Structure formats: C-alpha cells, structure tokens
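The values are calculated or read from the model by the stated rules, or taken from the named source; none is laboratory data. On a predicted model such as this, the values are computed, not experimentally measured, just so you know. Positions of Cβ are generated from backbone atoms using ideal geometry, with glycine treated the same way; all protein chains shown enter the neighbour counts. Side chains are part of the model used for accessible areas, which takes the heavy atoms of the whole protein and leaves out ligands, DNA and RNA. Shrake-Rupley method; radii C 1.70, N 1.55, O 1.52, S 1.80 Å.
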Amino acid sequence: MAGGGFLSSIITMVLDKLHSLASLSTSSSSSSPHNNIEQEMSKLTETMRRIQAKLDDTEEENRAKSHSEKLWLSELKDVAYDAEDVVAKYEYEVLRSKQLHENSSWTQEDELANKAAEIRKKFDEITKEWKLLKLPQNVGKRKRSSWPLVGNRETGSFVVESEVLGREKEKDMLVEWLLSEDDIIWNEVSVIVVIGMGGLGKTTLAQLVYNDPRVKSYFDLTGWVCVSENFHVVSLTEKILQSFTTVKVHEELDELQHALQENLQGKKFLLILDDVWNEEFTLWDELRKPLASAQVVKVLVTTRNQSVARIMGTRSPLNLNCLPFDVCWQLFKRVTLGGADKSLQPHLEHLGRKIVDKCKGLPLAVKLLGGALRNKEDVDSWEDILENEMWESEETNKGVLPALKISYDCMPIQLKRCFQYLSLFPKDTSLDSEEIVRLWMSQGLLPLDGDKRAEDIGRNYIKRLAERSLIHLKRADTLFMREQLRKQSFSLHDLVHDLAQYIAQDECLCVIDDKFDIEKLQKIRHLSLGRSLVREDPHILKHLETIKDHQQLKLMRTLFIKVRGLFGLTSIRRQDKIFGPLDDFFQKFENLRALHLSNIIGFIGLLDSLGKLRLLKYLSIIDFDVVGIPESICSLYNLQTLDLTGTSIYQLPRQIANLINLRHLLLPHYLNVFLPSGIGNLIDLQTLTHFDFCCEKEHCDIEELNTLMKLGGHILISISTSVNTFSNSKPPLKTKKYLDSLELRWYGWYDDAFDGSKKDEKNAEWQLEYLEPHVNLKTLRIFFYPGVSFVGWVGCSSFTKLTSLSLYSCNNCNKLPPLGQLPSLEMLEICGMDGVQQVGREFCSLLMASPSSSQNKIAFPSLKYLHFSTMLHWEVWDGVEIGDFPRLQFIQISKCYVLIKFPQWPFMSSMEEMTLDSGGVPDVSNFHSLTNLSIDVITQKNTKWLSNCYFPTLQHLTLLYIGMESIHLSQRRLPSLKTLEIHDSKKLRVVTGLKNLTSLNSLIIKACPNLEFQELPATLEQVKLNRCRLFKKGFKEQQHMRNVLGDGDKSGVTTLK
C-alpha cells in the first residue's frame, strides 16, 4: 500500500530522469525543434518538486492514516505513475531520434506535451485538497530515525543445525519414531503430523530430522516435497518421484504411480511433506497408494491446520509450542549482534528483553526484529519498535504478525518497494537473485548512487533483506557446481510472503489456477499469470481472454505468463482458435517495462508485436520452439535485459546493436548463436553468456569485445579451430575486470577441417594466448583444447582470485600446466588428458626459493578438492614435497587404470575423503583424518596396502570389484568403521575379521553371489543384502536372526534390534 514515501521515491526517480534528459537535449542541439515538449517537461519538473517537498515527512510518521488521507495518496500515486510514463515515452523518443539521427519534430510530440500539461493540472488539483484534509503534523509519536542502506516459500531440506535453538527435545522424539518399527503395518503408510502456527519453526524442525545421520543411515530413500496450498495428486506424485530419482517422468497419473511403486518396492522410504493445507481425504488417499509398496514408509507432515492431522495422521500429532523466553532471548542476541562475540549494552538489553517478550515465543518474529535492529546502537531505534502501534493494530487480526509489519516499517523506502515486488511470485518459488535484480532495475526501483552500478545496488538490497531475515538465502556447495548452475537463490517464508502480498495488494497481483478476480485489475500494475504445479493449464487461456480488452492493460508495468512445460515441449500449442484473438494482445501494453513468456509462444506472430512495446526494459522468453526473434525487436531502445536461455535461437537480429541500453544478453547454453557485427557498440553490456569465435561472414569479430569494458559474470566462448587470423588488437578479455567465470570450448578439432598438424596445434595455442582473461577471474574451464602445451597465463600466480579450474579432454597436451602456484585455488578437475603419462614437479610449479627465503613456496596452498578422471595413459605421479596441499580434503582418482606410482604423500594430514580407481595405491600408511574411503578395483596389491594402513578416523569404507577370493579387515586398522559396503565382486568368497569390527553398525553387500556368511559383530544395526545368495542363506540360518528377517527378506534389507 504505497504511502508518501513511495510517491517521494517515484518522483525522485522521475526528476533524475528529467534532469539527465534535459542535459542530453541541451548537449545534442542548440536550436532544438522540440521546444514545446521540453518546456512542458521543465514545468512538470517544478511541479513534481513541490509535491515531493510535501511528501517528505508522510512516510516517517508511525501512525495509521485516515481513509481520506489514503485516498488522497492513492490518487497522487496514480498521477505520479502517469508522469513517470510520460517521461519514459519522452526518453524513448529522444533515444529513437538519436539512434536514427533525426532532428525533426516527433509524431507524438504534441501528444506528450498535452499529456504533461494534463498531469500538471491534476497535480495542482490534488495539491489543493492537501490543505482541506488538514493532515496531522506530528501527533506525539517520535519520527523514526533514518535507516540508510549501507555497505508461498520454497522449502528445501538443507539446514545449519548450529543456528537452531530450542528444538532438541522435539527432534529427538521424531527421530526415535522414525527409527522405531512399533507402528509399522504391512502395506500401510505411517504418518506423523507436526502442527503449529506460522513462524514456530515447523519446517526447520523437519529439516533437522531429515538431515540427522541416524535417519539418513536407516532409510534407503528419502524425499522432500514442499506442498503448500496446491494439493494436486499428479504433480505431487511426480515431485515425490523426482525427489530421489532421475528416472523418466510420465505425464499420466497411472504411469507416475507405477513408476513410484517400482522404485519403492522393498525399500525403506522417508517422505517429508512440508506446509500441507489439504482437507480432502480422497486426494490424500490417492497420493498415498503407491507409497505403500515400500517395505517401510514413514511420512512426516508439517501444517498449520488441525484438519490435516485428522485426515493424514496415523498417530497422535506433535503440537509445536512457542519457545520459552530464555531461548528466544538467546536467538535475538545472536541475530542482533550478527553472531559477534559481544554483549548488548545494558540500556539496550533492557529494551531488547521487552521486545522479545512481545514476540510471544515465535522464533520467526524474534529473528525479524533482531534483523531490523542488527548492529543498531541508538536507543531511538529500539524504542520505536517497542512502542510501535502495530502491536495493538487490527493488522494482527488480518493474519499479519505485528513483528513482520514492524520489521517492514523499519526498512528504508527503496528497500520497501523492492520487497513489495516479490509478492508478484507464487509461494513455493525459488527466486534467482540476479533475475530479481534485473527485474527491480526494469521498474526503476534501484536509485542512482554515484558511480555504483544498479546491479551492485540490487545485490546489496538482497543482502540487506537477508540480514533482516525477510528472505532466506539458499546455500549451495559452489565448490562442486558448474558455473552456469551456480546461481544464488532465495525464498520467502510463507508468512513473509503473506505480508508482501498484503502490503502490495494495490500494486501486484499473482494469479494461480482459476482464482482470479477481474475487479482487481482496476488497481494493479504488475500481473503474474501462471500455474505452479499443474501441466494442463486451461485457466491461462481463460485469463488471457478475460483481460485482453481491459482498459487497465495500458497501465500495466509487469506481465508474467508462465505455463509449465514438459521436457521442453510447450504446454499450449498454436491453434488459431486459441491464439488468434491474442495477435494484437501486446499492443495494448504500451507502458509495459517487464515481460516474461514461458511456453506459450510456439509461433512467430506474437513475437512480431513485441517490437511495439516501446518502454520495455526486460524481456525473457522460455520456449524451445523459438529459433529466432524478429528484427522489430531492435526498436526497443530502452531494453536492458534480453533473456533467451530457454529458447533454441541460433541467430540474433542483424540490428541488435540498436539496443543501446542493453546490459544483459543471455543466450542458450552450448548453442552457437550467430552474433551480427556491431555487438561492440553495446557499451553498457554487462552479461554476454555465449560468444562464438569463428570466421563466419558478417559475424561479430572477437575484437569487438574490447569495447565492452563492463562485461562481467560468466561467459562461454566457443572457438573454431579453423580460425587462423588474429587481430593485432589487445587481448579482448584481459581488460574485463568484472568477469568472474570463463569457459573456453574448442570445436572442429574432431572433423575433417582439423588434420592434427603442427600448424593447427600452434594455431590453438595462439588462440588460447589471445584469450587471456583479467586476473580477477574466479572460475576457469577449458574443454577440448587441441594444442600441445598450455600457454603461460594458465596457472600464473597473478590469478589470485581463481578458486575453481577444470581441464577437460585436452588430449594433445602431454604435460599439465603449473597450477600449484595459484594461491586461492580450491577446486581442480583434470579429466580426459590422454596425452599425459607422467605428472611431476612441474604440476606443482617450479617455483624457486627467493633470495630472502631458504625454502620454496608450498604448492596448492588452498586446494580442497582434487579430481583426476579418465587419464588412460597416466603412469607416474611424483614431485610432491613436504608442505604441499596443506588443505586438501577430498581426492578422487577414477579411471586411471595404469597409474601405478604415487608420490610420497605427505599432504594426507588434512584428507577427509578419498576415492581410488587406479592401477596402484598411495605410498602412505597412516591416514589421521580420513573419514570416507572408496576403492573401485581391489587387487592383491591394494588389499595388502589396505591391511597395512592405519585408519583411526575412517567411518565409511566402500570396496568394489574385488578380484580375489578373500580379504581381511582388521579392527586394529579400522577402529572407528561404522559403514562397510562391498559391491560387484563375483570372485569374493570370504571376508575375514568382520565380527571384530566393534564399531560397525551398517553392512551393505551387493552382487557378491559367492560370498559366504561370516559371523557379524554385535554392534550391527542394519544389514542390506542384494544378489548375495550364499551370504543371505547363512545369515538366515543364524539362530538369533530367524525372527528378525521376516518379510524384509524380499528386499534383502534387514534391521537388527
């Protein structure tokens, strides 16, 4: 609900734009033919400044506004938006005139001038009403101090346990139930429901239970599904299936249920259904049918609804209570102090305790208010929250927690507008941070701030929202993720989403399914149409038909039309009877700033009309039927973002360089898109995800990248080996200080154009040298490089920020580059280097001692993850010295079958996980920190090595393809072993020493048909057997096991009690 502060920020933005346009107009011509429109814009500027002066204090008053005042502000908001639209159209005409080198009168000049005059008149009329309202000036409430900006939720299973307080008892109770078999009934589903009001931490508790090591060890399969309000059996069945498997998903319910049933057959399965609202038993009954095929299936449900527990629960529900005051106080201090090891000042502690008491035991409320006061030490800020009238406001009765509204009220004005915009997305949506920033930018929500880039300001806003606990940033293990998938995302708690929708109800409307009130179109300016769960989407067409002739469309600023597709196939196909009425649909959105179309295109006619959206700044298309976009789109001079990653486009329009405001051009991954010459004119371009380095006629030359000084983020450069001419210009990437990630991918070396001659190899080396990036690079990936050796910059120590490096299938290289001198490298992958036979000290780098030092620098000082794979001719690895690899935690050597010589591995002191699939074994006998070990091929040599090594901390051991008849496992060598897995060993007959492994609690044996049963340790809690006929037979014959196996024998999974 926009107040004075919002209007003030809108007007500020319009004034800034008018100022810049006035400067542009003055500098472009001393005798402008556009005096009329320029004079009107000048008058409009003065009018808006007067209005802004009257609005400065309205947002700062902590009091409810009267109905007449709200009406006045609403009218003023509409006129302010009209002014913004006129200014935007004026800006477009200026840009068009400049681009087309015109200096004559515009077609719409008089129309814009008249519109500006009308707006000034409306402003004057509304301003006169201000005095009649007799708006109160300071009614006793202290103004809130300035809080400047400085330096339906999607839930997942991840949680940081150390950040959770006060739920230990409930967690232990749920874990005990999950591991118990007392209430298991054959062919039935056991369900426990966790009930509690919003903000109590039901999801957090479920996350703690889901990630408990005891739970993970007990269940064969686990799945997490966020349900929310849409309990659609087909989609939920699909989600359950996809939560633990990547098998092909079917479209019909019957096929989905059969696939789920087959995957669960004979397994122990845990399913978390988070945030359930369904009250229809028939829907739940249909969903649970295939679940019963599991040997054991337990379902944990979280809900706010008691009816859900009655419908779904098979035992008494767990009613989650509020947290006690002392726990809330500890949580408040942790959030307020930012985790710092310090205490609150006495006068603030007194106020803080009163604030926590008002939160009434709700952890979400505690976190939000703690975030609002984070690192604030002025008493006024604390007293403002304590004395805020929202604690007694009727808002509480509308389902909005007072703490949430107060936390919102404490935000700066610009941050409030950005937060409101998030209400446009459905609940249970994971939001891409960069996409949200680009959308905020399209709406002018990111104010100019000196030389700061709008994108950086937006990223800072996301950080501030997270600090206030209004959004939850999702943590991803970026060390092991490909760069194009490494996207920071965030979600909103459902109560926070409710708050956003409540506040923005006059601005934003998100329509899901058939819940659409056409009357709401009278007010809103941002519209999202979509269906989040269901494939078939007849309501979308109905909604489009409903609104296509609505007058309010011309005021719309944002439009999302999202239809869920299946494996790239559009859910709505072109049919004249469907799309015919929509051919002129987008012409009516004359003020649209952001447009997202998902899976409804499939035809070029609709795309043609997009060129008429003169004010469009953000365009995103997801439809794999789209292979090109029309030239008409090149007249969108305001366009900042063009996102085509979800298309099959192979060529950009020839006049793409006309898009002089384009900042982000996102192209499909791994499709070589034709880039016409002129790309270098897009000097504001910050994102160019793909560039094809080729010599195709009229294709953009790579030297054009030299002018794109703002280019950053990730870029994939595809390189043709047939390119044998090079520009004399400087390397185009060396000046790109904002570039974080670079992927170089050669193609053509495997066809007839590449004959493997020294000329071709040298040509590739020249290409690699020419593509040297800036030293700020963080991620580097090189694919199919056909050169014989790497050039000097690869591995150069000046790349101090490089953390991830991957070399794939560079088969002609016979030596690895000196990567050990990269000071910040954390992850290194080297795969498919068939030319390498020996790796020596040159890999660690040949750094010599400096004159002032008697020692060489250590190699790989920051490396944590090292992966060698498919090095088919690699025989020797040496050259590792004491002190090298001081932080290495994980090493994986796979498909290196002839590697027989390893270095003296003094860098094993920090190793935690190791996977070996090689011809030899490391020459080391003591692993002090190793917790996980997997050996893929067991020979006589590495069996002896395993028997002689000491693994004091090893907990998980996996042995595959054992080529002998017997192996011995020693308790003295494996004192901490908890899980033992033996797979695919047809020759294996005996494993001795099993009964002495007194720490072992889980034994998994698969595909060992000749393995005979041996006595097992008394500590064993779980045995999983699959295709192990002899072992299973001996296991069943044990007297104390006879009554344990039972029906579990069908799956070969047994739990010992």
Handout entry: Selected residue [modelled with pLDDT under 85, among the charged types (D, E, K, R), assigned to a helix (DSSP H, G or I) and open to solvent by 20 Å² or more (accessible area, probe 1.4 Å)] from 487, 515, 463, 520
Key = 520
Practice task
Please determine, by comparing only the residues of region 613-634 that are part of a strand (DSSP E or B), out of contact with any His (no Cβ under 7 Å at 6 or more places or on another chain) and open to solvent by less than 40 Å² (accessible area, probe 1.4 Å), which one is nearest to residue 438 (Cα to Cα).
Solution key: 618
Handout entry: Among (1) open to solvent by less than 10 Å² (accessible area, probe 1.4 Å); (2) modelled with pLDDT under 90; (3) more than 14 Å from residue 865 (Cα to Cα); (4) not hydroxyl-bearing (Ser, Thr, Tyr), the one test that residue 933 misses
Key = (2)
Completion exercise
residue 985 meets each of (1) open to solvent by 60 Å² or more (accessible area, probe 1.4 Å); (2) assigned to a loop (DSSP other than H, G, I, E, B) with one exception, condition (1)
Practice task
Give region 811-835 a look and list any residue that's within 19 Å of residue 892 (Cβ to Cβ) and part of a loop (DSSP other than H, G, I, E, B), or say none.
Solution key: 816, 825, 826, 832, 833, 834
Fill in the blank from the handout: So the strands (runs of 3 or more DSSP E) completely within region 635-718 holding 2 or more residues that are over 24 Å from the mean Cα position of the chain (by Cα) and farther than 23 Å from residue 594 by Cα are 690-693
Exercise for the section: Could you list all residues from region 956-982 that are among the hydrophobic types (A, V, I, L, M, F, W, C) and in a strand (DSSP E or B)? Expected result: 957, 959, 960, 962, 967, 980, 982
Practice task
Tally the residues that are crowded, with 22+ Cβ neighbours inside 10 Å and at pLDDT below 95, restricting the search to region 823-835.
Solution key: 1
Exercise for the section: With the condition kept exactly as written, say whether any residue in region 272-280 is modelled with pLDDT of 85 or more, outside any loop (DSSP other than H, G, I, E, B) and open to solvent by 10 Å² or more (accessible area, probe 1.4 Å). Expected result: no
Practice task
Out of 88, 64, 53, report the one residue that is out of contact with any His (no Cβ under 9 Å at 6 or more places or on another chain) and either modelled with pLDDT of 80 or more or crowded, with 19+ Cβ neighbours inside 10 Å (or both).
Solution key: 88
Exercise for the section: Given the conditions (1) open to solvent by 20 Å² or more (accessible area, probe 1.4 Å); (2) under 30 Å from residue 244 (Cβ atoms); (3) at pLDDT 80 or above; (4) part of a helix (DSSP H, G or I), report the number of the one that residue 177 does not fulfil. Expected result: (1)
Exercise for the section: Among the numbered conditions (1) touching a Ser or Thr at 6+ places or on another chain (Cβ under 8 Å); (2) under 30 Å from residue 193 (Cβ atoms); (3) open to solvent by 60 Å² or more (accessible area, probe 1.4 Å), tell me where residue 364 comes up short. Expected result: (3)
Exercise for the section: Could you please let me know if residue 991 is open to solvent by less than 20 Å² (accessible area, probe 1.4 Å), outside any loop (DSSP other than H, G, I, E, B), modelled with pLDDT of 90 or more and not charged (D, E, K, R)? Expected result: yes
Exercise for the section: Filter region 655-713 down to residues that are of a type in the set (Val, Ile, Thr) and more than 23 Å from residue 637 (Cβ to Cβ), then give me how many there are. Expected result: 1
